[in-house]
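Student: This is the structure I want to talk about, given as structure tokens.
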Amino acid sequence: MKEMIDYLNYLTEEDKNELVKSLTLPSKKGLVLNTRRASKAVLKGYNLTQDEYDDSLFIYSSEDEKMGKNVLHEAGAYYILDPSACLISKNLINERKEIVLDMCAAPGGKTISYALKNPQSLIIANDRSYKRATELSKNVERLGLANVVVTSYEPSYFLKDFEDFFSVIILDAPCSGSGMFRKDENVKEDWSYEKVLSLLPVQDELLEIAYKLLKKGGVLSYSTCSFLEEEDEERVRKLIDNHPDMTPIDLKHEEGFYYGTINKTVHLLPSHYKNGEGHYIALLRKEGEYKENKFTSNKYRFDKDLSLYIVKYKNEEYALNEIND
Ligand code: SAM
């Protein structure tokens, strides 16, 4: 029977051997410091290494430290994740007031690292699984992130009202999970090529939804924790074939990048990108002039007592801090 590694045709034999070897090593963990709650000083004495490219990201080996069982963790001083997941937030830092959709957000690594780096943005963190969205919600609350709203809808739900709306869309797609092999023995045992094939239509459908929800000039981040081109470049290639107005854009280069067979997209293989478990990341911009979202409804009023805007939407009223119009 062919194993996962046998499907990685874009790797040389030597790279395949290195990848196999790296998958026998202990997993690497990342800790994103919640600088709104704590300073680096709280991490003194722990066996952590600061990431070369991000001074609020710290790396450690799962064998050396157990940072999840710690009062600082409970207090929301940091969030633990695969450090390679942070490449998205490192590359999406913006001064603008973005309205961002994370389509498959639970348990929250990408949303949380993005929200910390972009406090001026509003992130709609969605996961279709209510159970997982509840976990995500707990994580967001633990870190005290006021710029994240957690929802639990099928991603297609947003098409009703939000076509061409979001400035940034994060799509961390469900995948066969080879980038989880070191962290979770069950994922390794459950892996099969049939599973890979079964996920391709799901990934295509989610990419199509993301395209429709993204506004002109906006950026889509497509990622998986799979090493297979089928789930990675082939999905992105299909999106670009269907929508030639989507163009891959550069990621800031880091040591260990393994560039994909689509220019500018990157595989983070644990054999090469030592601070991580494995991801594929493609950033794509939708052509066209970027325009700020304007609130065009007249169905709102300013409540002086509350000092909040009250917006009527369908039969509900919502209170907002501010409205751009
Ligand atoms: N982005 C998350 C993070 O950084 O913590 C990890 C997301 S995980 C890779 C993929 C998510 O997709 C899961 O939380 C799962 O509930 C959701 N999902 C699974 N199948 C889906 C589908 N068919 N449509 C939309 N979301 C799906």
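Each reported figure results from applying straightforward, stated rules to the coordinates on display, with no laboratory input. None of these values were measured; they are calculated from a predicted model. Heads up, the Cβs are rebuilt from the backbone with ideal geometry, glycines too, and the neighbour counts pull from every protein chain shown.
Student: Using a Gaussian network model of the chain whose springs link C-alpha atoms within less than 10 Å, name the residue from Val150, Val196, Val219 with the highest mean-square fluctuation.
Tutor: Taking springs between Cα atoms under 10 Å, the residue moving most is Val196.
Student: A follow-up question, please. Above 26 angstrom, tally the Cα pairs of the chain and express them as a % of all pairs, no decimals.
Tutor: 48
Student: Could you tell me the calculated FRET efficiency between Asp15 and Val71, based on Cβ-Cβ distance and R0 = 51 angstrom, to the nearest 0.05?
Tutor: Once rounded, the FRET efficiency stands at 0.75.
Student: While we're on this one: Which whole-angstrom value gives the distance between the alpha carbon centres of segment 222-250 and segment 41-92?
Tutor: Each part's Cα centre sits 29 Å from the other's.
Student: Segment 267-294 to segment 165-214: how many Å between their Cα centroids?
Tutor: About 14 Å separates the Cα centre of segment 267-294 from the one of segment 165-214.
Student: Given the Cα-Cα distance of Ser62 and Val149 and 0.36 nm per residue of separation, how much length would full extension add, in nm?
Tutor: Computed gain between Ser62 and Val149 is 28.3 nm.
Student: Moving on to the next point. For every helix of n ≥ 4 consecutive DSSP H residues, a contribution of -39,500 (n - 2.57) applies; sum these over the chain, divide by its total residues, and give [θ] at 222 nm rounded to the nearest 500 deg cm²/dmol.
Tutor: Using -39500 (n - 2.57) per qualifying helix, the result is -7000 deg cm²/dmol.
Student: State to the nearest 20 debye the size of the charge dipole of segment 1-157 about its Cα centre, where the only charges are +1 on K and R beta carbons and -1 on D and E beta carbons.
Tutor: Taking the Cα centre of segment 1-157 as origin, the dipole is about 740 debye.
Student: Among Lys304, Lys40, Lys131, which one moves the most in a GNM of the chain with springs linking Cα atoms closer than 10 Å?
Tutor: Lys304
Student: Sticking with this structure for a sec: Can you give the relative contact order of the chain as a percent, counting alpha carbon pairs under 8 Å and 6+ residues apart?
Tutor: Relative CO of the chain lands at 15 percent.
Student: Hey, with R₀ at 25 Å, roughly what FRET efficiency would Lys291 and Glu141 work out to, going by the Cβ-Cβ distance, to 0.05?
Tutor: Calculated value: 0.15.
Student: Residue by residue through segment 281-286, what is 3J(HN,Hα) from phi via Karplus (6.51 cos²θ - 1.76 cosθ + 1.60, θ = phi - 60°)? Round to whole Hz and write x for glycine and proline.
Tutor: So the Karplus estimates, Gly and Pro as x, are 9, 10, 9, 10, 9, 8 Hz.
Student: Along the positive direction of the dipole of the chain (beta-carbon charges: Lys, Arg +1; Asp, Glu -1; about the Cα centre), which of Thr261, Val311, Ser271 reaches farthest?
Tutor: Comparing the listed Cα positions along the dipole, Val311 ranks first.
Student: Moving on. So between Tyr193 and Phe162, what do we pick up on full extension, going 0.36 nm a residue minus the alpha carbon distance?
Tutor: Fully extending the segment from Tyr193 to Phe162 adds 7.7 nm.
Student: Along Cα→Cβ, 7 Å out, is where each label goes; now give me the distance between the ones at Asp6 and Lys131 in nm to one decimal.
Tutor: Each label point is offset 7 Å from its Cα along the Cβ direction, giving 3.3 nm.
Student: Dipole of segment 181-247, Cα-centred, from +1 at each Lys and Arg C-beta and -1 at each Asp and Glu C-beta, to the nearest 20 debye?
Tutor: It works out to roughly 420 debye.
Student: Once a ≥ b ≥ c are taken as the square roots of the eigenvalues of the Cα gyration tensor of segment 116-274, is the result rounded (a/c under 1.5), prolate (a/b larger than b/c) or oblate (a/b not larger than b/c)?
Tutor: It is rounded, given that a/c, with a ≥ b ≥ c, falls under 1.5.
Student: Same structure, new question: Under a cut-off of 17 Å between alpha-carbon atoms, report the aspartates and glutamates in cross-link reach of Lys97, not counting same-chain residues fewer than 8 places apart.
Tutor: By straight Cα distance, Lys97 reaches Asp164, Glu289, Glu292, Glu322, Asp325.
Student: Just name one of Trp191, Val219, Met246: the one whose Cα is farthest towards the positive end of the charge dipole of the chain (beta-carbon charges, Lys/Arg +1, Asp/Glu -1).
Tutor: Val219
Student: Pop a pseudo-label 7 angstrom from the Cα along the beta-carbon direction at both Thr24 and Asn186 and give the gap in nm to one decimal.
Tutor: Modelled inter-label distance: 2.6 nm.
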